[in-house]
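Student: Following this message is one structure expressed as C-alpha cells.
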Amino acid sequence: MNRHIIALLAGVMVSACAERASEPAEAPQYNTSIDDPAPPAEDVAETDPQALAIGMMHDPDTGAYCTLMQAAHEFVYDDPDTWRFVFLSEAEGEAPPARIRINDEVLDFSEEIKTEDAEGVETWRYRSGDRGILVELQLKPVDGGVEHTDYEGTMAIIEPVETEKMGVKGSCGV
C-alpha cells in the first residue's frame, strides 16, 4: 500500500515539474557581448531598475552651459577625443534642460530642484521626461570667475533605485 502511495506522489510531482518547465521563463535580457546594444532605458527602468547605468556622451561640438565628466577623466580642450561627458545642460534659465546617457540612450532631463546647504554643497535633481528616472548631483564649487564656476562632486541615479555614486568634475559658464 505504501509503495502505491509513494508511486502516486512521485507521479504528481513529475507532472507538476513538467508543467512548470513548459511555461516560458520571463528572465531579464542581458547583453552577451560588449558590442551588443544595451536594452532601452525605458524598458529597463520598469522591469530591471538595477541595470540602469549612467554612461559617457562624446560631444566635441557641444555648446552646453554646464559640462560634467567623470572625476578621473582627463579633459584636454584642444583634443576633441577627450570631450566625453556624463552631464550636459543648456544655458541658465528658470529650469534648464539637461542630457544624460542612461545605458545606450541619451535622455532629456528637466531640472526638478536645486538647493545649497550651509557648507556650500549644491544638490541638483533632474528627472527624465517620461521614464521615472531621477538623477541627483551633489556639487561643491571649487574654483571660478566672473563667467564660470568649476565643480567637483558626485552623481547617481536615485530613482527608481539608487545606483553607486560616481565622482564628477566640470564647469558651468561661458
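Student: For segment 98-108, indicate whether the set of residues that are touching a Phe, Trp or Tyr at 6+ places or on another chain (Cβ under 7 Å) and acidic (Asp, Glu) is non-empty.
Tutor: No, segment 98-108 contains no residue that is touching a Phe, Trp or Tyr at 6+ places or on another chain (Cβ under 7 Å) and acidic (Asp, Glu).
Student: Could you tell me how many of the residues in segment 57-110 are charged (D, E, K, R), free of Cβ contacts under 8 Å to residues at least 24 places away in the same chain and touching a Gly at 6+ places or on another chain (Cβ under 9 Å)? Outline the logic, then answer.
Tutor: Residues of segment 57-110 that are charged (D, E, K, R), as a first pass: 59, 61, 74, 78-79, 81, 84, 90, 92, 94, 99, 101, 104-105, 108.
With the extra rule that they be free of Cβ contacts under 8 Å to residues at least 24 places away in the same chain, the set shrinks to 61, 74, 78-79, 81, 94, 108.
Remaining after also requiring touching a Gly at 6+ places or on another chain (Cβ under 9 Å): 108.
Selection size over segment 57-110: 1.
The numbers here are math on the coordinates, done by the rules we state, and not lab data. Worth saying up front: this structure is predicted, and the values here are computed from it rather than measured. For neighbour counting, all protein chains shown are included, and Cβ atoms are generated from backbone atoms with ideal geometry for every residue, glycine included.
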